[in-house]
Amino acid sequence: MAGPGTAQERLDLIATLIARELVAEVCSIYVRRAGDVLELFATEGLRTDAVHATRLMVGEGLVGFVAAQAMPVALADAQAHPLFAYRPETGEERYSSLMGVPIVRGGRVLGVLVIQNQTQRNYGEEEIEILETTAMVLAEMVVGGDILNLDAARNDGETAALPQRLEGVPLSPGLTMGVALVHRRRVAIERMLSDDPELEKERVRLALDALHIQLDEALERPEISAAGEHRDVLETFRMFADDRGWMRRIHEAIGLGFSAEAAVQRVQEDTRMRMAQANTALLRERLLDFEELTNRLLRQLVDDDDDAMQLPENAILVARSLGPAELLNYEPGVLRAVILEEGSANAHATIVARAMGIPLIGRLNGLLSRIETGDEVLVDAENGVVYLRPGDEVTANFELALAARGERLEAYRSLRDSPAVTQDGTQITLLLNAGLLADTNHLKETGAEGIGLYRTEIPFMMRESYPDVATQAAFYARVIEDVGDKPVVFRTLDIGGDKALPYLQGGAEENPAMGWRATRIALDRPAMMRHQLRALITACRERELSVMFPMIAQVSELDAARRLLDMELERAVGLGLAVPAHIRVGVMLEVPALAMQFENLLPRIDFLSVGSNDLVQFLFASDRGNPRLEGRYDVLAPAVLNFLKKIADSCRDSGTQLTVCGEMAGDPVAAMALLGLGYERLSMSAVGVGPVKAMVRSLSLNDLVGYQARLLHSSAPSIRRHLRGFARDHGVEV
Ligand code: PEP
Ligand code: MG
């Protein structure tokens, strides 16, 4: 595998060697392509012109059967088998017996490895074992991308998989073309084989010891020590880790010549396949525990480097789902787009994609089974359409759409220095949501008036360890310097939920969005909050400082957070350090209960910012990150708008500055609805500023207010359609 030559030459050589070693006349390697096609990629013994020409569907013929069942097949008289499918171009009519094993990796069948003999041969257990072992090595070569890249390079249109068009939900706008990179959460194994079994067994033993220590430490942590679900999971882990059967099978694999990590992985594949057959929920859960344990053990054994994946230029990242931290692992600028089987509009990965200006489409059903690393992809994240392996005509049309979008963006850019004022003279303040240092550049590009929400957790998520006060202060000072005389609102750490820090683990929670997150963590870990406030005070020097506390559910939490701020101010004064000229304190309104405490809340704060992403998920009891619920409840439901109207009315009466900083503020139709409710400050991702400003400048607010007031009584689940109609009839650009 590691020898010289092209991937095709190596594959051919592997086929020849296997045939020779197993005394077979034929050895063929089939690789699974998009659309569940098994293509003959190399052969010793069959006709060479069948290579890349012979194709079977998964489930078709004996080869397809092996792939569909993910099980080996060994037949002395294969032609007598009802599933035998004869392919004349291969010249296989001369062969009687057949043995095939699946090429499996990560629970997915990637291909089939077959040998055939002329005589009626009864293949033994040991021979099946040898072929399976070889298939496992081949699997590494397939996931490594070599083999399929080879196919993409040789792509002559005839053998390529067919073009496909998939529809999903646009989550972050943009149009782009590039090359697919399938994201896999796998531990990369570089050394598969070893000729020193004793050494490998010792390595497993040491890794397992380290794992035991890790598990015991986890079990001793206070949040886990009480009996509960986490404890159960960890205990299950320990049970597996102590399981002699497991260890015996790992040792057996080492005995076959595998390295420690390859042996662990092999047993993992085996277990996966066996458990997948037993179709009970309990076993499936156990399997998940087991996978996690195996991955932990693998990470002990290899220097795990998730980023080792080779990025093609123009990479379009393809995945089932993606967490925000995983997205942040990629250098800014390297990803052209992200396309997902799952994904939802208000999940943090989506927000991060918007912040990074990366087009994103979610809910693309069946995506992963239709695409391979190296495929050409067109991404239309305006309409939520993906074209896989497009033909010339589709590409030509797409280029026209790209040019049209370029013109539209240019038109938005030309609005940069024009005021955001409605036709009837209401001044609207458009602000940016930021979290990456590079975001401050968007202030100039978009003409936004300041940063309405700085998500401070994002820089924390990009680090390996907790940043000390000096590091944080330097970072905030950079932000302050970059924004110049424009205002910036720093939101204190909002971690938990789907935003995890690698170095702060609170243990798994059943309902993390409603769990230990944001200010709740900060109040339980006051030192962490104080360090952050100290860094903000230091960075601000004598300027104004605006601090916003997230996920406040009751006034007493604000009071407690405020006390920490006061302590830090007193400390700075006591030490004779510079303190901000003025401090503004605000809270996010994300928890509905807070809206029932305005009488006590509003007099205590300088500003309020509606986090509609969380607020709406709590109003509808609908997880913002759950792809199954995507699109079920609209932010433009009368229920939400009536709620938002009460907030706007109260803030107007009390003179409290009010902003919306959830994702709805950047959607021109939703932003229009907010103006109709009396909101005049909107904070959004950079991509939203141009379109929202175009909407504001073309809107007669008075006309909208009357029209929308009637709609607020509607029993419809959403008034989006009506608002679109209004915009169309009144020439509002949305
Ligand atoms: C929100 O909840 O609307 C919000 C702006 O905060 P985040 O999206 O970071 O949770
Ligand atoms: Mg929030």
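So the values come out like this:
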| item | result |
| --- | --- |
| Cα convex hull of the stretch 465-585 - mean projected area over all directions, nm² | 7.7 nm² |
| Under 30 Å from Lys693, Cα to Cα: lysines that are on another chain or at least 8 residues apart | Lys444, Lys486, Lys645, Lys646 |
| Carbon plus sulfur fraction of accessible area for the stretch 425-505, probe 1.4 Å, in percent | 54 percent |
| The stretch 7-153: C-alpha gyration tensor shape, a/c 1.5 cut-off, then a/b vs b/c | rounded |
| Degrees, to the nearest 10: 720-729 long Cα axis against longest axis of the chain | 70 degrees |
| Solvent exposure of the stretch 598-734 as accessible area per residue, Å², 1.4 Å probe | 41 Å² |
| Candidate aspartates and glutamates - alpha carbon under 15 Å from Lys201, same-chain residues fewer than 8 apart omitted | Asp209, Glu252, Glu261 |
| q = 0.18, 0.29 Å⁻¹, the stretch 447-491: log10 I(q)/I(0) [Debye, one scatterer per Cα] | -0.57, -1.13 |
| Probe 1.4 Å, all protein chains present, accessible-area order of Glu464, Glu376, Glu44, largest first | Glu464, Glu376, Glu44 |
| Relative contact order, percent, the stretch 7-153 [alpha-carbon distance under 8 Å, six or more residues apart] | 22 percent |
| Long-range HN-HN contacts of Leu171 with modeled amide H, under 5 Å | Leu360, Ile361, Gly362 |
| Relative contact order (%) - the chain, alpha-carbon pairs under 8 angstrom, separation at least six | 10 percent |
| With every protein chain in place, the stretch 598-734: carbon and sulfur % of accessible area (1.4 Å) | 46 percent |
| Whole-number D in µm² s⁻¹ for the stretch 1-80, Kirkwood Cα-pair radius fed into Stokes-Einstein, 10 °C, 1.306 mPa s | 118 µm²/s |
| Surface accessible to a 1.4 Å probe, per residue, for the residues of the stretch 1-110, Å² | 41 Å² |
| Beta bridge orientation in the chain: antiparallel %, DSSP, nearest 5 | 55 percent |
| Packing-based ranking, highest mean first, of 121-130, 590-599, 349-358 given that Cβ atoms within 10 Å are counted | 349-358, 590-599, 121-130 |
| In Hz, Karplus ³J(HN,Hα) per residue of the stretch 92-104 (6.51, -1.76, 1.60; θ = phi - 60°; x = Gly, Pro) | 8, 4, 7, 9, 8, 9, 8, 10, x, 10, x, 9, 10 |
| Options Ala353, Gly59, Ala15, ranked by Cα towards positive dipole end of the chain, top entry (Cβ charges) | Ala353 |
| Loop GluC sites (Glu not before Pro), the stretch 497-562 (other Cβ atoms within 10 Å of the site Cβ: 16 or fewer; DSSP) | Glu509, Glu510, Glu542 |
| 0 to 90° range, to nearest 10: angle between helix 686-698 axis and the chain longest Cα axis | 50 degrees |
| Highest average packing first - 477-489, 666-678, Cβ atoms within 10 Å | 666-678, 477-489 |
| Ranked by how many other beta carbons lie within 10 Å on average, peptides 50-59, 191-200, 513-522, 681-690 from highest | 681-690, 513-522, 50-59, 191-200 |
| Aspartates and glutamates whose Cα lies under 17 Å from that of Lys499, excluding same-chain neighbours fewer than 8 positions away | Glu326, Glu457, Glu464, Glu509, Glu510, Glu590, Asp614, Asp623, Glu663 |
| Positive-end extreme of charge dipole, the stretch 598-734 - chosen from Val732, Leu675, Met664 (charges on Cβ) | Val732 |
| Dipole moment magnitude, nearest 20 debye, the stretch 1-77 about Cα centre, only Lys, Arg, Asp, Glu C-beta charged | 180 debye |
| The stretch 598-734: radius of gyration over Cα atoms, expressed as a fraction of 2.2 N^0.38 Å | 1.03 |
| Carbon/sulfur fraction of accessible area - the stretch 3-114, other protein chains in place, 1.4 Å, % | 55 percent |
| P(r) of the chain over all Cα-Cα pairs, binned every 20 Å from zero, in whole percent | 15, 42, 31, 12, 1 |
| Angle between the chain longest axis and helix 638-654 axis [Cα atoms, degrees, rounded to 10] | 40 degrees |
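The values are calculated or read from the model by the stated rules, or taken from the named source; none is laboratory data. Remember, it's a predicted structure, so these values are computed and weren't measured experimentally. Using ideal geometry, Cβ is built from the backbone for each residue, glycine included, and neighbour counts are taken over all protein chains shown. Just so you know, the surface numbers come from the protein's heavy atoms only, side chains and all, with ligands and any DNA or RNA stripped out. Shrake-Rupley method; radii C 1.70, N 1.55, O 1.52, S 1.80 Å.
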